[in-house]
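Please treat every number below as a calculation from the coordinates, not as lab data. Predicted model, so just to flag it, every value in this text is computed and none were measured. Cβ placement follows ideal geometry from the backbone for every residue including glycine, while neighbour counts extend to all protein chains displayed.
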Amino acid sequence: MTVLGRGHNSIKGWLITIVVLSQTLLAVGLILTGILYTQRLALSTLDNHIQAHAMSVAALVRYTEAEDGSLYFDDSLVPPSVDPSHPDWYAVWTEKAGLLTRSANWPPAFEMPPNSPDHWSFKWDNIGYRGLRLSRVPVLDREEGNTFHPRTLTIVYVSPTARLDQQVKQSGFYIALSSLLLLAVTIPLALWGIRRGLSPLRELAERAALVSTEAWELRLPEEIQQVKELRPLTESMKTMLDRLRHSFDQQREFLGNSAHELKTPVAVLKSTLQSLLHRPRTLEEYRAGIEHSLEDLERLEELLQWIMRLARAEQWARGALRRDLEVIDISATCEDAIERIRALAESRKTTVHFSKIGPVPFRADPEDLQLVWINLLENAVRYSPEGGSVEVSVSWGNNGGAQIIFEDHGAGIDAAQIPHIFERFYRADPSRNRATGGFGLGLAIVKALVEAYGGMITAESTPGEGTRMTVVLPASPGTDSLEIIHQTAGSPNHVQLIS
């Protein structure tokens, strides 16, 4: 889900659009609310006016001097209409005699709506009116000497709403004018605030453009660092730059180390060939020189293969390469790796103890895992004292995956060197050089392959006691094709493969 809609590629434009729309909606809402409130207030005032006039009409009903208590209406005191251009209507009914009186302008064709409420609005001849019906109004005449005959009246009073409508229109006009004026003031203020609020982001972009391979540090003014909304972005950028700088330094160091490692066998090979061409040689000397050259070429080829393996492993770890993998048994790959370093172990009289819990399925290339195990086993065997032992175990990890441990009892690794042992061309033991074997790429390839499979490798070492390498691989989906054997009781299967 994108933050900006389609067609909105500018945060500034998006914010301006939102502000203008919200301000416009607010202005429209204020106008409608003001008009409705004014209309309701004016209608309430008109209803009070109509009720007062209706009661004034009721007060004009009088008893006659007749004995039957008949009524008459004194129309000389009828209150004047509020709007002379559209006079009010009124009509008075008694419960027995029926219609008592009505105004002269009462429309003959006008009929009361059936079951009409006490107040209602209607139009007559395209003019708006407001009507009021008062029922059971007692006759208010109480002159002494008249025989009292209690009567009730029904009064209908109608008043035009033209003046009310005019007032509402005028109020709506002034409310709309005020809202538009406020809108004209607030929108430029909001736009200024948006531009000012986005200025730290613009300055951040300008400072980020100054970062280069010669100047990795992102130098930001204090006011930008204090912006709360930009703080996650600036921290992420600093973290990203640190990683890029580390990767760049690592690549540069890798190129330098590779060139250094390649330079020696090439220089030796060149020197050997030049010495052979410097003067005539015997057949045996030519043979010996060519054999030395072949040895240097083999070592050069081996170094190039290690570099290519590391490059492929790192590409796969970054997702640049895709591979179709099958489900294999981790325990079986460990047994194959132990078998492949049998000669090295026997030459050092080292015993390798292997313990497993049964088949441990994992989706991987067996050659990759064997390469990892062989590198770890070779290090463990080489750094173990002659006649010592190495323990390899395969078990279930806490995350449902596999845990593979390689442990030796050699001299161990200094604590200061542990963070660097997985770096390229790093040799924890200074005595190991090109003469004794090893390019310092083995553990770097191990780490790249393990991480490519989503796992992790950690090293623990105590000088004088030995080193433990722990590989944790995650649970692989779709590994039901292999039977998983969990042993909930007893100890794992211990197998002494080499002694």
Excluding G172 itself, what net charge comes from residues whose Cβ is under 14 Å from its Cβ, given Lys and Arg +1 and Asp and Glu -1? +1
Starting from the amide H of V327, placed 1.01 Å from N in the peptide plane, find each other amide H under 5 Å away whose residue is 5 or more places distant or on another chain. none
Can you give the net charge of the other residues whose Cβ lies under 14 Å from the Cβ of R342, counting K and R as +1 and D and E as -1? -2
With the crude spin-label approximation of a point 7 Å out along Cα→Cβ, what separation in nm comes out for K96 versus T45? 4.3 nm
Give me the extension gain from I11 to E326: residue separation times 0.36 nm, minus the current Cα-Cα distance, reported in nm with one decimal. 108.7 nm
Length released on extending from Y286 to K270, taking residue separation times 0.36 nm less the Cα-Cα span: 4.3 nm
Search the structure for amide H atoms under 5 Å from the amide H of S393, placed 1.01 Å from N in the peptide plane, and list their residues when 5 or more places away or on another chain. S355, I405
Within 10 Å of each residue's Cβ, count the other Cβ atoms and sort K356, K123, K238 from fewest upward. K123, K238, K356
